[in-house]
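> Quick one: this structure, given as structure tokens, is what I'll be asking you about.
The values are calculated or read from the model by the stated rules, or taken from the named source; none is laboratory data. Since the model is a prediction, treat every value here as computed from it, not as a measurement. Cβ atoms come from the backbone with ideal geometry, glycine included; neighbour counts cover every protein chain shown. What goes into the accessible areas is simple: the full protein's heavy atoms, side chains included, and nothing from ligands, DNA or RNA. Shrake-Rupley method; radii C 1.70, N 1.55, O 1.52, S 1.80 Å.
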Amino acid sequence: MSARATVLLHPDFRVGVIDRRLFASFVEHLGRAVYTGIYEPGHTAADEHGFRQDVADLTRELGVSMVRYPGGNFVSNYVWEDAVGPVEDRLPFIDLAWRTIEPNTVGTDEFLQWAEREGIEPMMAVNLGTRGVAAAAALVEYCNGEAGSRWADLRIANGRAEPYGVRLWCLGNEMDGPWQIGHKDADEYGKLAAEAGKAMRLVDPSIELVVCGSSSMMMDTFGSWEQTVLEHTWDVVDHLSMHAYYEELDGDRASFLGSGTSMDRFIRRVVASADAVAARRRSDKVVTISFDEWNVWYLQSRFPGEKNLPLQRDAPRIIEDVYSALDAVVVGDLLVTLLNHADRVPVACLAQLVNVIAPIMTEPGGPAWRQPTFHPFATTARLARGIALDLRVSGPSMTTTAHGEVPVVTAAATLDGSDVALFLVNRSADPVEVELSHPGVTLALGRGVQVTADDEPAVEGPEHAAAVAERHVSEVDGPAPATGSTVVTLAPESWTALPGTLTRA
């Protein structure tokens, strides 16, 4: 007999509005994310600007709303002024973060114009590692300033008359990390971020600012970092960043499948830290979360570390993880967690978009294709609209080495008018029967998408990715419309998305 779980679902129980920026991604000057990723002049799919339209088409299908740029660790020794103006006048430099010769062919204007053409909102980061207040304010002026000032006029001279109107800005990247070029302690960084943010807002008061939180929940300074930094920046910033990556270690499949529980705990602890600062300051301000790096990344088991990378040029292949259907189920579960925190997480960036731990892969001069992780993200971005509902899930739990007891079933739902989307995960190796309890409400679920985990090792290449999708990504029909109660059976180790309607009986 299948295990049973219950999900209480009602349109009056709500978490909050889903910000479309929850479905953002990230393009860093790292490996082949830019060169032979989004940008490859001479490719048969390249447009007149050198950007690959096959990648742009897949980005659109993926449902990406916003892209963070240019880093990442890369930004902490980046001189943005060296990558604007005539390309032939730009000088290459050694990127200390990823030990790569950066040609500076793609810079601020090229990226922002690509984003504009593709209907993607940009999210820009400033260098607070090796630079500071003046360079950060100048970049805001370059991007958003009106004619008649130094940096705005330089943008105009470079061929762009209208301001770009970049709204969301990161005050550096992972400044708590000793690996970061220009790493600072919480007091040093908090004071610098406050002054940089103040100057940037004086240039453009309409911008939103993201201050660096902890690079992971396992950092020694986690918690104290958030509180110290927010004490310095409280009056300036809107969002606090979070970064987290998940992987299967030593064959511990159960802990990997329970990664969403770790993400949930991380979010709750960061929210508690932010709210504690608000309480001490007797402030009604609500600082929200920009979860601007998250994904499955085999960081410990596959990546040799930045210090072990040789100095390379010509877009080397770095951190090109190949994903399995199991990875895709975990990505779907992480998306469920983000939806369930929509009230405090308006921004989240799947890191990254192309080639580097990415849902989209390319081959130079060759095809672009979808990795298995593409499918849950694209489906969720397409279906999750309006309001995130506050569900009550009860059912069995499973024991994991890394996270302790975790729920077998996780769920999220969204409501847009009468249109509902239901997202269900079964983390266990057995099928689970889920009773959807919706008293006084008629639920009609249509055809959706199911991803089931695999046991095979991931293999590089479009043919294998297509074969995995054929075997493990399928359409599923929802149950018949019902009032009060609906039963759905979940396959073992699966993620399921079902669209439908929810109406009062």
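> Say a paramagnetic label sat at a point 7 Å from the Cα of Q227, along Cα to Cβ; which residues of the range 283-303 have their backbone N under 16 Å from it?
Answer for the range 283-303: 283.
> Using a 7 Å offset from the Cα along the Cα-to-Cβ direction at both S301 and N158, what is the distance between the two label points in nm, to one decimal?
Taking the simple label geometry, S301 and N158 are separated by 4.2 nm.
> Please calculate how many Å² of accessible area the range 283-383 carries per residue, with a 1.4 Å probe and no DNA, RNA or ligand atoms counted.
Accessible area per residue, the range 283-383: 30 Å².
> Using +1 at the C-beta of Lys and Arg and -1 at the C-beta of Asp and Glu, which of L112, Q371, M242 has the Cα lying farthest in the positive direction of the dipole of the chain?
Value computed over the given set: M242.
> Another question about this same structure. Please compute the volume of the convex hull spanned by the alpha-carbon atoms of the range 113-238 and report it per residue in Å³.
Looking at the range 113-238, the number lands at 114 Å³ per residue.
> If one takes the longest principal axis of the Cα atoms in the chain, at what angle in degrees, from 0 to 90 and to the nearest 10, does the Cα axis of helix 224-233 lie?
50 degrees
> To the nearest 10 degrees, how steeply does helix 133-144 sit against the main Cα axis of the chain, on a 0 to 90 scale?
Rounded to the nearest ten degrees, it is 70.
> Lysines near K285 by alpha-carbon distance under 17 Å, same-chain residues fewer than 8 away left out - which ones?
In chain and number order, there are no partners.
> Still on this model: DSSP loop chymotrypsin sites (Phe, Trp or Tyr not before Pro) in the range 166-268 with at most 15 other Cβ atoms within 10 Å of their Cβ, which ones?
Answer in residue order: W179.
> Taking K184 as the anchor, which lysines have their alpha carbon closer than 25 Å to its alpha carbon, excluding any fewer than eight residues away along the same chain?
Cα-Cα hits under 25 Å: K198, K307.
> Oh, and also: Using label points projected 7 Å from each Cα along Cα→Cβ, tell me how many nm separate A272 and I101, to one decimal.
Here the modelled spin labels are 5.1 nm apart.
> Taking Cα atoms, how many degrees apart are the long axis of helix 259-280 and the longest axis of the chain, rounded to 10 and kept between 0 and 90?
60 degrees
> Say R0 is 22 Å: what FRET efficiency, to the nearest 0.05, do D314 and Q53 get from their beta-carbon distance?
Working from the Cβ atoms, E equals 0.45.
> Working from the pairwise distances between different alpha carbons, so that the mean of 1/r is found and then inverted, what is the range 393-505's Kirkwood radius in Å?
15.5 Å
> What is the Cα centroid distance between the range 403-457 and the range 37-94, reported in whole angstrom?
37 Å
> Compute the normalised compactness of the range 1-62: alpha-carbon radius of gyration over 2.2 N^0.38 Å, N being the residue count.
Cα-based Rg divided by the globular estimate yields 1.93.
> Report the local net charge at D89: Lys and Arg +1, Asp and Glu -1, summed over other residues whose C-beta lies under 12 Å from its C-beta.
Net local charge, D89 excluded: -2.
> Give me D for the range 337-417 in µm² s⁻¹, whole number, from Stokes-Einstein with Rh from the Kirkwood sum over alpha-carbon pairs, 4 °C and 1.567 mPa s.
Approximately 84 µm²/s, per Stokes-Einstein.
> Rounding to the nearest 20 debye, state how big the charge dipole of the chain is about its Cα centre with +1 on each Lys and Arg Cβ and -1 on each Asp and Glu Cβ.
In total the dipole reaches around 1120 debye.
> Specify, per residue and in Å³, the volume enclosed by the convex hull of the alpha carbon atoms belonging to the range 70-164.
So the per-residue hull volume is 98 Å³.
> Quickly estimate the mean residue ellipticity at 222 nm for the chain, helices only: each DSSP H run with n ≥ 4 gives -39500 (n - 2.57), and the total goes over all residues, rounded to 500.
-8000 deg cm²/dmol
> Here's a follow-up. What does the highest-first list of 346-353, 47-54 look like by mean Cβ count within 10 Å?
346-353, 47-54
> Q371's amide H: which non-local residues (gap 5+, or another chain) put their own amide H closer than 5 Å, with H modeled 1.01 Å from N in plane and none for Pro or chain starts?
Hits under the 5 Å cutoff: I360, M361.
> Next up: Modelling each spin label as a point 7 Å along the Cα-to-Cβ direction, I'd like the V87/R471 distance in nm, to one decimal.
According to this spin-label approximation, the distance is 4.2 nm.
> Follow-up question, since we're still on this one. Sorted from largest down, give the three principal axis spans of the alpha carbons of the chain, whole angstrom values.
69, 57, 42
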